[in-house]
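Here the structure comes first, spelled out in structure tokens, and everything after it is commentary.
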Amino acid sequence: MKTLMLALGLAITANSGIAQTDTHKHDMSQHRMAMQPVTRHEVNGVLKAVNAKTGKVQIAHEAIADLGWPPMTMWFALRDPLPKDLMIGDSVRFEMVQGDKNQWMIITIKLK
């Protein structure tokens, strides 16, 4: 009986080790997602406000057809500091991408 219990105990231990090993395999689907190209969107708008402290700008932009967005005013993060020649009220052309945590980020912005 002790031999049977010992064999059963070893079998359970061995199987739980296999289960643990399987859970440590890499999920490559996440790696493929990370390598997908970033979609850039070029948009026209008017600079409405600047928050230098947070690195964000508020822009009233035209409709963005490829996103299905109507014209609206919204805040965007800036990847780089705002060019010094841009002022509130200026018509701008900017390029944006969806960054971390689905936040929209302006990667280039210039006078229109």
(request) Residues being more than 13 Å from the chain's Cα centre (by Cα), in contact (Cβ under 8 Å) with a residue 40 or more places away in the chain and part of a strand (DSSP E or B): count how many of those fall in the stretch 79-112. (result) 7
(request) Among the candidates 36, 58, 30, single out the residue that is surrounded by 10 or more Cβ atoms within 10 Å (Cβ to Cβ) and either over 15 Å from residue 105 (Cβ atoms) or at pLDDT 95 or above (or both). (result) 58
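The values are calculated or read from the model by the stated rules, or taken from the named source; none is laboratory data. The shown structure was predicted, so the numbers you read here are calculated from the model rather than taken from an experiment. Neighbour counts run over all protein chains shown; Cβ positions are idealised from the backbone, glycine included.
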